[in-house]
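K.L.:
The structure that follows is given in the form of structure tokens.
Please treat every number below as a calculation from the coordinates, not as lab data. Just so it is clear, the model here is predicted, and its values are computed rather than measured. When we count neighbours, we look across all protein chains shown, and the Cβ atoms used for this are built from the backbone with ideal geometry, even at glycine.
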């Protein structure tokens, strides 16, 4: 497990150096989830509790 976590850390550091990869695999999905969470919570206020608890 330690080797796997170390691999993920190295992979993230390598991806952070390339702007295209960083935007494609990190920034765009996070932005999408934030926007969709805001849309769903504005349509149905009860969804806000669902979105807060994983």
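K.L.:
Counting each DSSP H run of 4 or more residues in the chain as -39500 (n - 2.57), what helix-only mean residue ellipticity at 222 nm follows after dividing by all residues, to the nearest 500 deg cm²/dmol?
P.N.:
Details: 4 runs with 42 residues, N = 54.
It comes out at -23000 deg cm²/dmol, rounded to the nearest 500.
K.L.:
Please list 32-42, 2-12 highest first by mean number of surrounding beta-carbon atoms within 10 Å per residue.
P.N.:
Values: 32-42: 11.8, 2-12: 9.3.
Ranked by mean Cβ neighbours within 10 Å, highest first: 32-42, 2-12.
K.L.:
Also, I was wondering about something else. Pull out the extension gain between residue 17 and residue 49, defined as 0.36 nm times the separation in residues minus the alpha carbon to alpha carbon distance; nm, one decimal.
P.N.:
Values: separation 32, 0.36 × 32 = 11.52 nm, distance 3.61 nm.
Length gained, residue 17 through residue 49: 7.9 nm.
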